[in-house]
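Undergrad: There's a structure below that I have some questions on.
Every number here is computed from the coordinates shown, using simple stated rules; none is lab data. Nothing here was measured: the structure is a model prediction, and the numbers come from that model. Positions of Cβ are generated from backbone atoms using ideal geometry, with glycine treated the same way; all protein chains shown enter the neighbour counts.
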Amino acid sequence: MWRLVLLGTGSLFVGLAAVGVVLPVLPTTPFLLVAAACFARSSPRFYEWLLANRVFGPLIRDWREHRCIPLRAKVLAVALIAAVGGSSALWVIEPLWGKIGLVALLSGLVVWLLRHPSEPPVADAAARE
């Protein structure tokens with residue numbers, strides 16, 4: 001049963017990532033990372049398919065090998081966090097402690113995103129020049 005839940009969740013997130021390739025307001029990378037995690041635990045065949053995909057594979061491999069997030073994905077994620085989280089804190093959440101908690105949580109997420117590199121590290125000093 002758990003395997004089917006992971007397969008379904010992975011498929012849903014691959015679909016969202018595919019929409020994110022076309023729509024600039026929907027970040028692709030986070031959805032792919034969730035899909036890859038689901039497939040890695042439920043279906044080695046789907047996981048390998050995802051890694052071999054010419055569009056999605058490099059994003060997942062960059063994260064898996066170098067823990068880097070593309071700059072475009074970071075910018076979109078931070079913008080969406082600010083827009084959606086900020087509007088929720090201002091207009092949706094009533095108690096002050098809820099607003100403070102949401103802002104703290106989202107701030108932590110933004111810090112986590114920004115602390116990761118945007119590009120894989122350069123292999124050696126000669127490659128930088």
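Undergrad: Exactly which trypsin sites (Lys or Arg not before Pro) in the range 56-129 are in a DSSP loop and have at most 14 other Cβ atoms within 10 Å?
TA: On the way: sites: ARG61, ARG64, ARG67, ARG72, LYS74, LYS99, ARG115, ARG128; in loops: ARG67.
Taking the range 56-129 and a limit of 14 other Cβ atoms within 10 Å, the loop trypsin sites (Lys or Arg not before Pro) found are ARG67.
Undergrad: Hey, another quick one. Can you tell me how much longer the chain between ARG115 and ILE81 gets when fully stretched, taken as 0.36 nm per residue apart minus their C-alpha distance, in nm with one decimal? Can you show the working numbers first?
TA: Details: separation 34, 0.36 × 34 = 12.24 nm, distance 1.59 nm.
Stretched fully, the ARG115-ILE81 segment lengthens by 10.7 nm.
Undergrad: What residue among TRP91, TRP112, TRP49 has the largest mean-square fluctuation in a Gaussian network model of the chain, using Cα springs under 10 Å?
TA: In the Gaussian network model the winner is TRP91.
Undergrad: Report relative contact order for the chain in percent, whole number only (criteria: Cα-Cα under 8 Å, sequence separation at least 6). Walk me through the numbers on the way to the answer.
TA: Working: 116 pairs, mean separation 27.1, N = 129.
Here the relative contact order equals 21 percent.
Undergrad: Here's a follow-up. Taking θ = phi - 60°, what integer Hz values does the Karplus form 6.51 cos²θ - 1.76 cosθ + 1.60 yield along the range 7-16, in sequence order, with x for Gly and Pro?
TA: After applying 6.51 cos²θ - 1.76 cosθ + 1.60, I find 4, x, 5, x, 5, 4, 6, 5, x, 5 Hz.
Undergrad: Working from Cα positions, state the angle (0 to 90°, nearest 10) between the long axis of helix 57-66 and the longest principal axis of the chain.
TA: Approximately 80 degrees, to the nearest ten.
Undergrad: If r is the Cβ-Cβ distance from ILE100 to ARG41 and R0 is 35 Å, what FRET efficiency results, to the nearest 0.05? Please list the in-between numbers first.
TA: On the way: r = 35 Å, r/R0 = 1.00.
That gives a FRET efficiency of 0.50.
Undergrad: Note down the magnitude of the dipole of the chain about its Cα centre, charges +1 on Lys and Arg C-beta and -1 on Asp and Glu C-beta and zero elsewhere, to the nearest 20 debye. Display every interim value, and only then the final one.
TA: Numbers: 12 positive and 7 negative charges, 46 e Å.
Dipole size: approximately 220 debye.
Undergrad: Per DSSP H run of n ≥ 4, the term is -39500 (n - 2.57); total these for the chain, divide by its residue number, and report the mean residue ellipticity at 222 nm rounded to 500 deg cm²/dmol. Intermediate results must be reported in sequence, preceding the final value.
TA: On the way: 7 runs with 88 residues, N = 129.
Using -39500 (n - 2.57) per qualifying helix, the result is -21500 deg cm²/dmol.
Undergrad: Could you give the Stokes-Einstein D for the range 29-129 in µm² per second, using the C-alpha Kirkwood radius, 20 °C, 1.002 mPa s? Kindly include the intermediate steps, with their values, before the conclusion.
TA: On the way: Rh = 15.8 Å.
Value of D from the Cα-based Kirkwood radius: 136 µm²/s.
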